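J.: Just passing along the structure, written as structure tokens.
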């Protein structure tokens, strides 16, 4: 009696596998197809506006981890601070966004990138030259409703699947 039903479980399992093999996939292929993230994403890169920054250091004081380092000097001719060194150690940063919220001149923004893994610890430090806005490095709309209104709408996986059909 035992040997009459031998292999039925394997056949049932193979049938399920074959059924799903012939179906249209419902997941996106991650590296090739990327979804638009939220307009207000708190990614792990920073965008710094050199023109708006006055070197007041409010962002440094607001950071709970102490990840922001700023060195300023005074300019006698212009009677204002000049930023000599501005860097953020994203290895210590917890992407809380308090530095962006604390900046009174809106000179610091969070970026879109969330895949900034590095092999060495020293590569996680972003200097002021690395944080300038460019076409590849755009600021998100976190804590900036005016900027968020101009950004593309977030896409969902369901919308991408219905577009293909």
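J.: Ranked highest first by average number of other Cβ atoms within 10 Å, how do 10-23, 40-53, 118-131 line up?
T.: By packing density, highest mean first, the sequence is 40-53, 118-131, 10-23.
J.: Now for a different question. What FRET efficiency comes out for residue 95 versus residue 75 if R0 is 35 angstrom and r is the Cβ-Cβ distance? Round to the nearest 0.05.
T.: Here the calculated transfer efficiency is 0.60.
J.: Neighbour counts of other C-beta atoms within 10 Å: give me 134, 140, 38 arranged from fewest to most.
T.: Lowest to highest Cβ neighbour count: 134, 38, 140.
J.: Given the -39500 (n - 2.57) contribution per DSSP H run of 4+ residues, what per-residue ellipticity at 222 nm results for the chain, rounded to the nearest 500 deg cm²/dmol?
T.: Helix-only estimate at 222 nm: -6000 deg cm²/dmol.
J.: In percent, how large is the relative contact order of the range 55-143, given Cα pairs closer than 8 Å and 6 or more residues apart?
T.: Across the range 55-143, relative contact order equals 27 percent.
J.: Specify which labelled value, from (1) 58, 34, 31; (2) 65, 43, 23; (3) 97, 35, 23, agrees with Cα extents along the principal axes in Å derived from the coordinates of the model shown.
T.: Given (1) 58, 34, 31; (2) 65, 43, 23; (3) 97, 35, 23, the structure-derived one carries the label (3).
J.: How much length is gained on full extension from residue 62 to residue 19, taking 0.36 nm per residue of separation minus their Cα-Cα distance?
T.: Computed gain between residue 62 and residue 19 is 9.9 nm.
J.: Pairs of alpha-carbon atoms within less than 8 angstrom and 6+ residues apart define the contacts here; what relative contact order does the chain have, in percent?
T.: 30
Read the figures in this text as sums done on the coordinates, not as results from a lab. It should be emphasised that the depicted structure is a prediction, and the values quoted were computed from it without experimental measurement. Positions of Cβ are backbone-derived with ideal geometry, glycine not excepted, and every protein chain shown enters the neighbour counts.
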